[in-house]
Each structure stands twice: as C-alpha cells, then as structure tokens.
Amino acid sequence: RYFYEEKKRRKDMKRILAILLCLALALSMFTACGSKEEAKSDGPVTIRLATFQVGVNSAAPWFTGIVDEFNKQYDGKIKLDIEEIPGDQAYVDKMKTYISMNDLPDLFFTGGYNIMDDALAAKGLVDLTPYFEADPEFAGRFFEDDIAYNSRDGKIYAMPVERQPVTYFYNKALFAKAGIAAPAKTWDEFMAQLDQLKKAGITPVSMDTLDSAWLSSLWLNSMVGTLSTESNAWMNQSMPKDYNSTDFIKAADMVQKMLLNYTTKDALGGKYENGANNFLNGNTAIIANGPWMISDFQAKGDEFFKNVGTALYPNDGIFSGSMPGWMVGSKDKAHADAAVEFLKFISSEDNQAKMSEIYSGIPANKNVQIPQTVLDENPLLGEIIKLQGEAKIVYGNYQSLWYSNVVTELDRQYPLLAAGDLTPEQFAKALTDAAAKN
C-alpha cells in the first residue's frame, strides 16, 4: 500500500508541475505578445506604397527625392515601404490583381489609368473628403476641375498630383525637308501633311498597337474629341457604352489609314517604346505625347532638343490637364491618416515646384508658379502651357474615362485594324461589345 500511495503522489506531483509549466508558458507568451503590441503601437506606422515612378521613368528622380525627404522628416512616426513596379502596364495589371484580392496598398498612383472605378466597385478606397474638409489649406491647393475629375458622387477619392495637357511634337528639320511650314489646322490638312512627308521619303508618325496603343489612341482620342460638339461631349463622359457613332468610326478610319500608310513597320505589334525611340532617333517626324517626354528630348542633346516643336491637335484641340491622382487603400484609420500625411507632403508648394525643373512636370498645386528660369531653359514646357490657354477644344483621356476592360480590348483590336483585317465599323462594335459587359 505504501508503494501504491507513493506512486500515486508522484504521479499527482507530475500532473501539478505540468499544469504550472503550461501556465508559466502561457503567461510568458502573453507578456511577449503584449510587449510586441506595445512596441508596435509606439513605433512608426508603416505605409505600403506602390509606384511605377522608378528606374527609367522620367519622374523617378523627383519621386525618389520626395520619398527620401519624407522618411527623414517623419522618422519614428511614419515609414514608407516602397513597392517598385516598373512599366505602366505592369503596374496597372498589378493594381487590378490587388483589387481582386482586396489587398490594395495604403498609397497608389493611378498614372492616368482608370483604376479608381474598379477599386470603388470593390469597396477598396478611402473617402478623402473629410481630410479635405478638415484642412482648408490642403483643399485650397487644387483646381476645381482637378478635384471634380478625382471625385465620384460628390466624394473625393484621389488627390491630383500633376496636370498633363497632352499636345503632339514634331521634328522641325523633317517638316522643313518636306516643305511643311507649320502644323496643320484641320484634320484634312493633317492627313495631307502625312502624305507630303511620305512623298519626301520621311516616315510621318510614330504609332503602336499594344499596351492600349497609347500613341495611336492619342490620335483617335483627339479626332473624336474635336470632330464635332457631340463627339466632344461623348469624349468627355465617363464610362461610355456606345462607340458606334459616325464621328468615332470616321476617327477609327483615319487612324487605320495612319497605321497602314504613314508609320513604321514595327508599329504593328509594337509598344510605346518602339514609337518613342523612332521619334528620338529621327526615324519619324511626329509623335503624340505629353510634357513628360521633354526630358527624353533634352537627353538627346541641345541640337535635337532645339529641333522639336509642339502643337495643338487639328481644330485647336488639347487633352485636359486633369488626371487621376493618388488614392488611399488603407484598411484602418491610423494608416489612412498616415497616408494622407504623405499626400499633403507631396502636394506642398516646395515639392510641387521641383517637378517642373526635374522632369518637366506641371504642378497640380495651383499656388505654384513655374520659375521663368526653368521656362527659359525649357521653352517646350512653356509652349505647352501657352497652348493650353489657346486651345478652343478640350477633352478627356480615354485611359481614365473608359471602362478598364474596353482599354484592355484595344490590345486585341488594334493589331487587326493595323493589319487591315478589321473595318473601322467592326473596331467600334468590338469596343461597344466590351463596354456592354460592365
């Protein structure tokens, strides 16, 4: 009996010791977790920021400087965790993936693409209206049309960071060689000038058919925006459903003629880079693009830079300077508050003023005056700003106004249009069919 009781006593002691050990472990884990939470709350708020303004992107030097300065000024309070995604299309595709996964970054830049409506549909965006209402100085930095462009149903969902009035550029020497004295005033005159350049042995215009065919679509966009009052209203509306209008088909017909007769062979199946390099290397006389390309002209040297002119599109048209800006996808108020601190930082007068000098960006902050010294060194930028005031017709950008699946559909339809395997009417119907899926 003694041995039985002793055995039972030892067994009970082991059980008690095991229970005490578990309690000790649980207490230590609770204390450790509490310490981590406390450290987390006392440390900086880490903001996940996704950007394509990296690498060879013309805005990369400016944006990198902004990020470095922000991290210094907010050291210990807010830290930017940068996700670099080179390439516009790769960036848009990644954002769409994040939207589908409900995993948007705290901060992301639309880059002129319509990411806003997809993100809103997925309920992934922070309403920035309360931040604007709470800070009159912040709200007073922006033009009303820019804020309207970044709003839906009376609520602000993005902060504009720059204005991008898009004109087109031309090679003065190649124009002179073809006997062209000045850019065309009408679309009929423009098409005649393309023919004149071709007869002089000059490839007239840089174009493309992939990545939504940015260069080709700028021409299509401008034609639709300037052919009539009705088509201009259509080109300024958000999410159009019907592309079967007479003016849209007429514009598609002109673009098809340009692709078939007046551009380089690598336009078929080519991307923006192909067209840009052709103009920079003097292989084409004309390219449609925005002011950000000026830095590429400057990089080619003074002789090339001085030889580039810019013009309004025929019928005195220009793309609206308004564009979608930075959006906040934070899941909690602490991160949203920290993200807005960055928006206030990047839109300040000092930081906005730097963009015109570094990469020919036009500030969205209306209080910023671009220094005359910058305009003297960069007359093309000054000319674009001047043309913006002279334009008689203004229209929006297809990438930020059309359904995202319609923009994607362009990649399938443009190569067929460029090869002559698709009529302008069929092109319009394909886009209409894509829009109907929304």
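General observations
Residues are listed down the side, and each one gets a yes or a no for (1) closer than 22 Å to Gly111 by Cβ; (2) within 25 Å of the chain's Cα centre (by Cα):
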residue	(1), (2)
Asn367	no, yes
Val374	no, yes
Pro379	no, yes
Gln388	yes, yes
Ala391	no, yes
Asp421	no, no
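- Of all residues in segment 415-432, those that are closer than 15 Å to Asn405 by Cα and open to solvent by less than 50 Å² (accessible area, probe 1.4 Å) total 5.
Yes/no per residue for (1) buried (at least 21 other Cβ atoms within 10 Å of the Cβ); (2) closer than 30 Å to Trp234 by Cβ:
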site	(1), (2)
Glu349	no, no
Lys354	no, no
Val368	no, no
Thr373	no, no
Pro379	no, no
Leu387	no, yes
Lys392	no, yes
Trp402	yes, yes
Asp411	no, yes
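- Restricting attention to segment 42-66 and to residues that are surrounded by fewer than 18 Cβ atoms within 10 Å (Cβ to Cβ) and within 20 Å of the chain's Cα centre (by Cα), the residue that is farthest from His335 (Cα to Cα) turns out to be Val56.
- Selection over segment 89-108 of residues that are open to solvent by less than 20 Å² (accessible area, probe 1.4 Å) and of a type in the set (A, V, I, L, M) gives a count of 4.
- Residues of segment 323-347 classified as surrounded by fewer than 18 Cβ atoms within 10 Å (Cβ to Cβ) and in contact with a helix residue (DSSP H, G or I) (Cβ under 7 Å, 6 or more places away or on another chain), total: 2
- Single unsatisfied condition, Ile384 versus (1) modelled with pLDDT of 95 or more; (2) over 20 Å from the mean Cα position of the chain (by Cα): (2)
- Close pairs from segment 410-426: first in contact (Cβ under 8 Å) with a residue 24 or more places away in the chain, partner of a type in the set (Asp, Glu) and assigned to a helix (DSSP H, G or I), Cβ under 6 Å, at least 6 apart: Pro424/Asp253
- Residue list for segment 326-362, filter: modelled with pLDDT of 95 or more and not in a helix (DSSP H, G or I): Trp326, Met327, Val328, Gly329, Ser330, Lys331, Asp332, Ser347, Ser348
- Hits in segment 271-299 (condition: of a type outside the set (A, V, I, L, M), outside any helix (DSSP H, G or I) and touching a helix residue (DSSP H, G or I) at 6+ places or on another chain (Cβ under 6 Å)): Lys271, Thr284
- Some residue of segment 238-248 being within 30 Å of Phe142 (Cα to Cα) and open to solvent by 10 Å² or more (accessible area, probe 1.4 Å): yes
- Residues of segment 195-226 that turn out to be surrounded by 24 or more Cβ atoms within 10 Å (Cβ to Cβ) and at positive phi, as a count: 2
- If you filter segment 160-194 down to residues that are touching a residue at least 24 places away in the same chain (Cβ under 8 Å) and farther than 30 Å from Ser356 by Cβ, you find that the one that is surrounded by the fewest Cβ atoms within 10 Å (Cβ to Cβ) is Thr186.
- Restricting Ala251, Ala285 to residues that are closer than 26 Å to Glu383 by Cα, of a type in the set (A, V, I, L, M) and open to solvent by less than 10 Å² (accessible area, probe 1.4 Å) narrows the list to Ala285.
- Among residues of segment 109-153 being of a type in the set (A, V, I, L, M), farther than 22 Å from Asn367 by Cα and in contact with a Phe, Trp or Tyr (Cβ under 9 Å, 6 or more places away or on another chain), the one that is surrounded by the fewest Cβ atoms within 10 Å (Cβ to Cβ) is Leu120.
- Listed conditions (1) under 23 Å from Gly55 (Cβ atoms); (2) over 25 Å from the mean Cα position of the chain (by Cα) are all met by Asn283, apart from (1).
The values are calculated or read from the model by the stated rules, or taken from the named source; none is laboratory data. As the structure is a computational prediction, the values presented were derived from the model and not from experiment. Note that each Cβ is placed from the backbone with ideal geometry, even for glycine, and that neighbours are counted across all protein chains shown. Side chains are part of the model used for accessible areas, which takes the heavy atoms of the whole protein and leaves out ligands, DNA and RNA. Shrake-Rupley method; radii C 1.70, N 1.55, O 1.52, S 1.80 Å.
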